[in-house]
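The values are calculated or read from the model by the stated rules, or taken from the named source; none is laboratory data. Predicted model, so just to flag it, every value in this text is computed and none were measured. FYI the Cβ positions are ideal-geometry reconstructions off the backbone, even for glycines, and counts take in every protein chain you see. What goes into the accessible areas is simple: the full protein's heavy atoms, side chains included, and nothing from ligands, DNA or RNA. Shrake-Rupley method; radii C 1.70, N 1.55, O 1.52, S 1.80 Å.
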Amino acid sequence: MKVHLRTLGCRLNQSEIETMARQFVMAGHEVVDSPEQADRIIVNTCAVTQDASHTSRKLVRQMHSASPEAQITVTGCYSQIAPNEIAVLPGVESIVSNQDKDLLAARLTGKPIEFFDREPIERGAPNWAGRTRAFVKVQDGCDNACTFCVTTVARGEGRSRSVERVLSEIRNLLTIGYQEIVLTGVHLGSYGHDFGDKRGLFHLVKAILRDTDARRVRLSSLEPWDLDADFFTLWDDSRLCPHLHLPLQSGCDSTLRRMARRTNQRQFAELVRLARETVEMPCITTDIIAGFPGETDAEFEQSFAFVEALDFAGMHVFRYSRRPGTAAARMRGHVDEAIKKERSARYLALAQEQEAAYARKFAGQALEVLWEHVAGSTEDGFINVGYTANYIRTACIHPRPLTNSLLPVQMDTWNTAKQYMLATPAFEQLLNNEDRE
Ligand code: SF4
């Protein structure tokens, strides 16, 4: 079977589709780059916003028109919350629920799921999509009920993979050349709660740092209420990337209450203070929603002032999107689209300023970068782009493409137009040593 895989949305979706790709290859099938070559197409959908649902439908249609004979299997959050809207799309042969997604490749290949644990990953399993960082799913679902969130509706209750399975997958991924491991989940901070370990994520990260030789470990989004002072002691190990993505969603207490978020201004500010006190110059990024139902001008200004004062190093800005099946969708006082646009534009401008200000703090310092791709070339060489451990997007010009290598540079200046830090290579000796080996 020739399989083409596409995914939309979050790192968790990315991690799931990469795992499926490896499983199809392990089962002796071929992963193909274009839908035209495929007998089977897998589409992993997203429903986080109305736009994401629209894009999911559009992608299924595009896959069918590219390959009318191919059978399409759709999975992911959009097909979970609106299966009827997917089932009528051309070419759709099957829909697999989020709960059964981990069994998708096993079902389509007729292999028992245990087969994939047994099979050595290096048996021709491609480093699919040429990635340098491996997104590892450790947890799924969520037991919270934030009123705007469709993910908790689409992904069901919180459930964790065993520590042993996570460690075994990570060891496998390291054997095929991944340099960085990114732990993902819907509600990562609740890892292990379903098997009675309230400090499950702390213990899992400890085990990964102790029992694998991953050069970098990064944590994806963490809900603020899951963390305590002791959690930050994990960063005593320099392999843990000093990057904390802590979704705030709003900087105004009355809005946070309507969102049913289990945090407030005082608690969130205290957590950020603790992180900055314990971890050296951490990169603290966040998510913010503009125009949540009922958000007044005064509430927005309160939120904006709070976000400005916390001085994040990056911010994902979302305009509130009404999602079916969520409590917020039924609330009164939905904000006009033009006002949402205006408020998100102010957050976006602030986000750019804050990201640049954080990166500039490292000018003149030597930092290690995991080079991810080549963004072009000049007469002096390739424009290599990658990320530091503290998540600063960095570029350097070098005669060689450096993709998937971890190499030090001297950080120079922030390029506002390109939104990255320009840096000078500081690794010639390292490369020469490698050449000599
Ligand atoms: S904790 Fe996250 S995934 Fe869970 S309901 Fe809230 S926003 Fe959604």
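Worth a mention:
- Contact annotation: no residue pair with Cβ atoms under 8 Å, 6 or more positions apart or on different chains, pairs a residue in segment 227-252 that is over 17 Å from residue 390 (Cα atoms) with a partner that is at pLDDT below 95 and within 16 Å of the ligand (Cβ to nearest atom).
- Residue identified as without any contact (Cβ under 8 Å) to a residue 24 or more places away in the chain, open to solvent by 10 Å² or more (accessible area, probe 1.4 Å) and in contact with a helix residue (DSSP H, G or I) (Cβ under 7 Å, 6 or more places away or on another chain) among 95, 81: 95
- Tally, over segment 189-200, of residues that are crowded, with 18+ Cβ neighbours inside 10 Å and away from the ligand (no atom under 14 Å from the Cβ): 2
- Which listed residue, of 234, 183, 167, is assigned to a helix (DSSP H, G or I), farther than 30 Å from residue 335 by Cα, touching a Leu at 6+ places or on another chain (Cβ under 6 Å) and not assigned by TED's automatic domain parsing to the domain that holds residue 78: 234
- Filter result for the condition that a residue is on the phi < 0 side of the Ramachandran plot and modelled with pLDDT of 95 or more, over 427, 382: 382
- Of note, residue 100 satisfies the criterion of being open to solvent by less than 60 Å² (accessible area, probe 1.4 Å) and of a type in the set (D, E, K, R).
- Only one of the numbered conditions (1) of a type in the set (Lys, Arg); (2) crowded, with 21+ Cβ neighbours inside 10 Å; (3) within 18 Å of residue 134 (Cα to Cα) is not met by residue 261, and that is (3).
- Test for residue 267: is it surrounded by fewer than 18 Cβ atoms within 10 Å (Cβ to Cβ), within 16 Å of the ligand (Cβ to nearest atom) and among the polar types (S, T, N, Q): yes
- The number of residues in segment 150-185 that are open to solvent by 40 Å² or more (accessible area, probe 1.4 Å) and within 14 Å of the ligand (Cβ to nearest atom) comes to 3.
- Failed criterion for residue 65 (all others in (1) surrounded by 16 or more Cβ atoms within 10 Å (Cβ to Cβ); (2) in contact with a Gly (Cβ under 9 Å, 6 or more places away or on another chain); (3) assigned to a helix (DSSP H, G or I) hold): (1)
- In segment 201-217, the residues that are among the basic types (Lys, Arg) form Cβ pairs under 8 Å with partners that are open to solvent by less than 10 Å² (accessible area, probe 1.4 Å), at six or more places apart or across chains, as follows: 206/234; 215/180; 216/180; 216/181; 216/241; 216/370.
- Pair list, Cβ under 6 Å, 6 or more apart: segment 137-153 residue assigned to a helix (DSSP H, G or I), other residue more than 6 Å from the ligand (Cβ to nearest atom): 153/325
- In segment 308-357, the residues that are touching a Gly at 6+ places or on another chain (Cβ under 7 Å) and of a type in the set (Val, Ile, Thr): 335, 339
- Residue selected from segment 212-231 under the condition surrounded by fewer than 20 Cβ atoms within 10 Å (Cβ to Cβ), assigned to a helix (DSSP H, G or I) and of a type outside the set (D, E, K, R), by the criterion nearest to the ligand (Cβ to nearest atom): 225
- For residue 351, the criteria (1) surrounded by fewer than 18 Cβ atoms within 10 Å (Cβ to Cβ); (2) within 22 Å of the chain's Cα centre (by Cα) hold in every case but one, which is (1).
To keep it simple, each residue is scored yes or no on (1) open to solvent by 10 Å² or more (accessible area, probe 1.4 Å); (2) farther than 30 Å from residue 319 by Cα; (3) in contact with a helix residue (DSSP H, G or I) (Cβ under 8 Å, 6 or more places away or on another chain).
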{"residue": "40", "(1), (2), (3)": "yes, yes, yes"}
{"residue": "50", "(1), (2), (3)": "yes, no, no"}
{"residue": "56", "(1), (2), (3)": "no, no, yes"}
{"residue": "61", "(1), (2), (3)": "yes, no, no"}
